[in-house]
Amino acid sequence: MTRADVLAWLDARRPAPPPTLRAHLARRVMDAPGTLPDHLADGGRALLARVLAEPLGGRELALDLLAADALVTYAFEAQAERDAAGLVALARRVAGGDA
């Protein structure tokens, strides 16, 4: 999945994410193998891991946490659009289990 493809998909979402969140998401999206749902879920999990790695972190982590939530939510939206039967497997991957 290319960065451009992911950003185009995000730009098509309605309602659109607020500009600050959209910019933060764009900074986190890179070219990566896999499907759109997997790409979004991996990005969300990576951001959540970053937040969890800073147990004394405060407000400076709020945007990362919000972006992690948005990416995981978008992963489920993308999976539902692609194939709703894959939602359970995606949920397992997001939770850290085997799919």
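The values are calculated or read from the model by the stated rules, or taken from the named source; none is laboratory data. Just so you know, these numbers come straight off a predicted model, no measurement behind them. So basically every Cβ, Gly included, is an ideal-geometry build from the backbone, and we count neighbours across all protein chains shown.
How many of the residues making up the range 64-81 are in contact with a Gly (Cβ under 6 Å, 6 or more places away or on another chain) and under 11 Å from Ala46 (Cα atoms)? Spell out the reasoning first.
Step one: filter the range 64-81 for residues in contact with a Gly (Cβ under 6 Å, 6 or more places away or on another chain), giving 68, 71-72, 79.
With under 11 Å from Ala46 (Cα atoms) added as a condition, the list becomes 68, 71-72.
Going through the range 64-81 one residue at a time, the tally reaches 3.
In this structure, is Val88 touching a Gly at 6+ places or on another chain (Cβ under 7 Å) and assigned to a helix (DSSP H, G or I)? I'd like the intermediate steps shown before the answer.
Numbers: touching a Gly at 6+ places or on another chain (Cβ under 7 Å): no; assigned to a helix (DSSP H, G or I): yes.
For Val88, the condition - touching a Gly at 6+ places or on another chain (Cβ under 7 Å) and assigned to a helix (DSSP H, G or I) - is not met.
Look at Asp64 and say whether it is at negative phi, crowded, with 17+ Cβ neighbours inside 10 Å and modelled with pLDDT under 95. Working first, answer last.
Numbers: at negative phi: yes; crowded, with 17+ Cβ neighbours inside 10 Å: yes; modelled with pLDDT under 95: no.
Judged against the criteria, Asp64 is not a match.
Could you list all residues from the range 67-99 that are loosely packed, with under 12 Cβ neighbours inside 10 Å, acidic (Asp, Glu) and under 14 Å from the mean Cα position of the chain (by Cα)?
Result: no residue meets the conditions.
Is it the case, given these coordinates, that Val72 is assigned to a helix (DSSP H, G or I), on the phi < 0 side of the Ramachandran plot and free of Cβ contacts under 8 Å to residues at least 12 places away in the same chain?
Working: assigned to a helix (DSSP H, G or I): yes; on the phi < 0 side of the Ramachandran plot: yes; free of Cβ contacts under 8 Å to residues at least 12 places away in the same chain: no.
Here the answer is no, as Val72 does not meet what is asked.
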